[in-house]
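Participant: Got a structure here, written out as structure tokens. Questions coming.
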Amino acid sequence: MERTYISKIKMKENRETLLKGWAEAIRDLGNLIFVVLRDCSGEVQLVAKKDSKCFDEVKNLRREDVIEIKGIPIKNEKAPNGIEVRIEELKVLNKAEPLPIEFSGKISTDLSKRLDYRFLDLRNKRNKKIFELKSKIIYFVRSFFNDREFVEVHTPKIVAQGAEGGSELFPILYYNKESYLTQSPQFYKQIMQAAGFEKVFEIGPTYRAEKSHTLRHLSEFWGIDSEFSFIESYEDVMRLLEDLICDILNNIKKNCSEIINYFGIEFPEYKKPFPRITLSDAFKLIDREGTDLSNEEEKLVGERIKKKFESDFIFITKYPFEVRPFYTMKNDKNKNLTDSFDLLFKGMEIVTGGQREHRLSILKEQANEKNISLESIKFYLDAFKYGMPPHGGFGFGIERFVMQLLNIKNIREAVLFPRDVERLMP
Ligand code: AMO
């Protein structure tokens, strides 16, 4: 007999059915035992009566035993999904030991403990839903770029140089040479412009040796990176990005709004074009001064913008060159500023992007300004010698997007097996 997934059980009403899964909860009423069976598609109530030939075996079940049962799904208004399955035969495929953590959601468990036993923690429906949503988002992103004929690329993750500044690099030994885990696909996605691909995107892991313990930083996160050629200005990059974000959100609304509803939160407010303000105006908005926004200041700006524009998204533009990487295009009218942006979502930076400097002599000057040795980035600079078009792009942190979308407080919850200053296992 072929196995039926629990989500399809209504189609098997009154017919013998084979189910497989975990015994999530067992309620023994003496003459009657209820078992909640869970598989990857859902849960269903099973019932065994005293006169059933497998009653004693059901009585011996422990939480999270892996079982298969044969039984008859019968309509029952009182059962959680209006259906329950009378157990005819039970086979225990593997017994479970007493559980080290509580993951039913009835009692809260400390996040660090939950992460130690992540495979158990992910049996919780809410926690699993975060990853169902993440998977859908990636699917929507791929469709978006494919529809626009962007090529998905896979750039090296073991690299000789960091693109975003040296301090956050993870050194590794590559045979007998020092190398690093990639900090961003920046150099390579730009080199792909010299390769004439014109429109590329990548969905891949990124590594940062973040020193501090925060709720929004991981040592390993996934980025959606894009880069494309022949842009007129960084406005083109912001437009593509807001199209992408609106497309993702429209798709979520259409295809998986129940996940958002499950978290009991409101859908974000978004409409194109997203409001744009310069960094200096952002500081004016919150009556402060500075060259870059702190986490707290981003939050304040997010709140003010939400009131003013009814948008959960805001582009902050024209960051000073001193806080941007050397490859960023300087603003034509004010060389202290750059044609770059951050996108804030509910008061947190989720994307950085902008136009890149494509003229080799200026690029070299900018590297010098940041004290970067030209020899160390020769492979990158070479790509600017033989026909490099004007170009730009962005890097979009997937975990940050998911965390803001679902109002998750700690970014670690948006990663299966997070890596941070303290955590390397599981
Ligand atoms: P940036 O360094 O701002 O830009 O990174 C881009 C986006 O990646 C996410 N992010 C992180 N997420 C979790 N943990 C971290 N430690 C972490 N660091 C960054 C954020 C951020 O907005 N090369 C440029 C992008 C570009 O210009 O194309 C870059 O890497 O969401």
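Participant: Whether any residue in segment 222-229 is at pLDDT 95 or above, open to solvent by 80 Å² or more (accessible area, probe 1.4 Å) and either within 15 Å of the ligand (Cβ to nearest atom) or not in a loop (DSSP other than H, G, I, E, B) (or both) is what I want to check.
Facilitator: Looking for residues that are at pLDDT 95 or above, open to solvent by 80 Å² or more (accessible area, probe 1.4 Å) and either within 15 Å of the ligand (Cβ to nearest atom) or not in a loop (DSSP other than H, G, I, E, B) (or both), one finds at least one in segment 222-229, hence yes.
Residue by residue, here is whether (1) at pLDDT 95 or above; (2) assigned to a helix (DSSP H, G or I); (3) not small (Gly, Ala, Ser) holds:
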| position | (1), (2), (3) |
| --- | --- |
| Leu90 | yes, no, yes |
| Pro100 | yes, no, yes |
| Ile107 | no, no, yes |
| Lys113 | yes, yes, yes |
| Asn146 | yes, yes, yes |
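Residues checked against (1) surrounded by fewer than 21 Cβ atoms within 10 Å (Cβ to Cβ); (2) under 30 Å from Asp110 (Cα atoms); (3) in contact with a Ser or Thr (Cβ under 7 Å, 6 or more places away or on another chain):
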site	(1), (2), (3)
Val323	yes, no, yes
Met348	yes, yes, no
Ile362	yes, no, no
Leu405	no, yes, no
Met425	yes, yes, no
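Participant: Still on this structure, I have one more. Among the candidates Leu173, Leu215, single out the residue that is surrounded by fewer than 17 Cβ atoms within 10 Å (Cβ to Cβ) and within 12 Å of the ligand (Cβ to nearest atom).
Facilitator: Just a single option satisfies the conditions, and that option is Leu215.
Participant: Name the residues in segment 106-119 that are touching a helix residue (DSSP H, G or I) at 6+ places or on another chain (Cβ under 8 Å) and under 13 Å from Leu416 (Cβ atoms), would you?
Facilitator: Arg114, Leu115, listed by residue number.
Rundown of residues vs (1) of a type in the set (A, V, I, L, M); (2) modelled with pLDDT of 95 or more; (3) open to solvent by 50 Å² or more (accessible area, probe 1.4 Å), yes/no style:
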residue: Pro320; (1), (2), (3): no, yes, no
residue: Asn334; (1), (2), (3): no, yes, yes
residue: Leu343; (1), (2), (3): yes, yes, no
residue: Gln355; (1), (2), (3): no, yes, no
residue: Lys370; (1), (2), (3): no, yes, yes
residue: Gly395; (1), (2), (3): no, yes, no
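Participant: Taking Lys385 and the conditions (1) of a type outside the set (Gly, Ala, Ser); (2) touching a helix residue (DSSP H, G or I) at 6+ places or on another chain (Cβ under 7 Å); (3) within 11 Å of the ligand (Cβ to nearest atom); (4) open to solvent by 40 Å² or more (accessible area, probe 1.4 Å), which numbered condition does it fall short on, given that it satisfies the others?
Facilitator: (3)
Participant: Glu68 fails exactly one of the following numbered conditions: (1) touching a Leu at 6+ places or on another chain (Cβ under 7 Å); (2) crowded, with 17+ Cβ neighbours inside 10 Å. What is the number of that condition?
Facilitator: Result: Glu68 fails condition (2) only.
Participant: Then there is this: Pull out all pairs, ordered by first then second residue, where Cβ-Cβ is under 7 Å, the residues are six or more apart or on different chains, the first lies in segment 120-139 and is over 15 Å from Glu258 (Cβ atoms), and the second is open to solvent by less than 30 Å² (accessible area, probe 1.4 Å) and polar (S, T, N, Q).
Facilitator: Partner pairs satisfying both residue conditions: Asp121/Asn127.
Participant: If you don't mind, there's one more thing I want to ask. For Val237, only one of the following conditions fails: (1) open to solvent by less than 10 Å² (accessible area, probe 1.4 Å); (2) part of a strand (DSSP E or B). What is its number?
Facilitator: (2)
The values are calculated or read from the model by the stated rules, or taken from the named source; none is laboratory data. Being a predicted model, the structure only gives us computed values, none of them experimental. Virtual Cβ from ideal backbone geometry, glycine too; neighbours counted across all protein chains shown. For accessibility, only protein heavy atoms count, side chains too; no ligands or nucleic acids. Shrake-Rupley method; radii C 1.70, N 1.55, O 1.52, S 1.80 Å.
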